[in-house]
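What follows is a single structure, written as structure tokens, with notes after it.
Nothing in this text is a laboratory measurement; each read-out follows from the coordinates by a stated rule. Since this is a predicted model, take the numbers as computed values, not measurements. Glycine gets a Cβ as well: all are built from the backbone with ideal geometry, and neighbour counts include every protein chain shown.
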Ligand SMILES: *Cc1c(COP(=O)(O)O)cnc(C)c1O
């Protein structure tokens, strides 16, 4: 008998489902022996990182015998001046993912509740389950719009956190400013709104907000930002949070001293100043997102308009087949079963070339399916 079976992990861990990441490029390449693989599964920057950031990292490589700055002082200064905030309203973390865990560790006792519009980013649930807290999901409405009334009526005396991901992963929909204000003005004082605007740079609608103005105005809001998406630094792991200083002080209590490595700090300081790279990346996104919309419409495939660098696409009962066929052709997208949406796939916006190849592959698969359906109906 294997005696380690008797060493019991905490009960609450039974609620945690392992995170299913997008398939890594190298894995698909190796498995299928393909020369070229296109990854449109994890909302990464298809243009790569800022060149200036690469240069800064290579210079700071000689310092990696030293521990990193535990307070990320220079980066905080840079962010604070860029976003018109004070440094004590900032915390820098090992990706926004770590920040979600830290927020959970700071605020959630066993039996506390978090409210999560659903479907959304799975890390919010993970953080709650880690601490034995309860997840109260509130379904998005038709067209994946946020249900503010639903959220408000889900609030109880045990509610600690409300997550709002805007633009929302995986739907690409967002919470307009006036609706966020409605929510903020109606909440009881014991609730913190965690406003995840990881994809804010890609939003193009006038009534979009990244949430920062509400922190500046003193609302009980914590804004999450990341260097993994528009800044193209996903592999280095760095993100940050913006909140009233009392909130930041509490979260700092559970932060490990050296959570953010030296190379990540160095890269982020430069990447946030490289406006040319950010501009090129968002321009590419707007242009290619439109090209993807047009191609999908041409194929009679339904999609949800997105304010982010990915598009949720409704394929129907053949979605899993389409996902697998794309994979065989070397195009990695995300299959919707992760979010309990088996009829959907989520496609990240790539370069124009990657997008063309995706569309070509999709065209072949979908016309093949239509032909097969036609044949079986005659
Ligand atoms: C990618 C993503 C993040 C950021 O993740 P990192 O840990 O910083 O890489 C945060 N929130 C959402 C919704 C995301 O999709």
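Which percent, nearest 5, of DSSP beta bridges in the chain are antiparallel? The answer is about 45 percent antiparallel. DSSP assigns beta bridges within the stretch 51-273; of those with both partners inside it, close to 30 percent run antiparallel. Return the whole-Å distance between the Cα centroid of the stretch 259-325 and the Cα centroid of the stretch 147-224. About 22 Å separates the Cα centre of the stretch 259-325 from the one of the stretch 147-224. Packing, as the average of other Cβ atoms within 10 Å across residues, places the peptides 238-248, 355-365 in the order 238-248, 355-365, highest first. Computed across the stretch 287-378, the Kirkwood radius stands at 13.4 Å (inverse of mean 1/r, all Cα pairs).
The Cα-based radius of gyration of the chain, divided by its Kirkwood radius, gives an Rg/Rh of 0.98. Helix 319-328 and the long axis of the chain differ in direction by around 80°, with both axes built from C-alpha atoms. Under Stokes-Einstein, with the Kirkwood radius over Cα pairs as Rh, the value for the stretch 51-273 at 4 °C and 1.567 mPa s is 73 µm²/s. Think of it as helices only: each DSSP H run of n ≥ 4 in the chain is worth -39500 (n - 2.57), and spread over all residues that comes to -12000 deg cm²/dmol at 222 nm.
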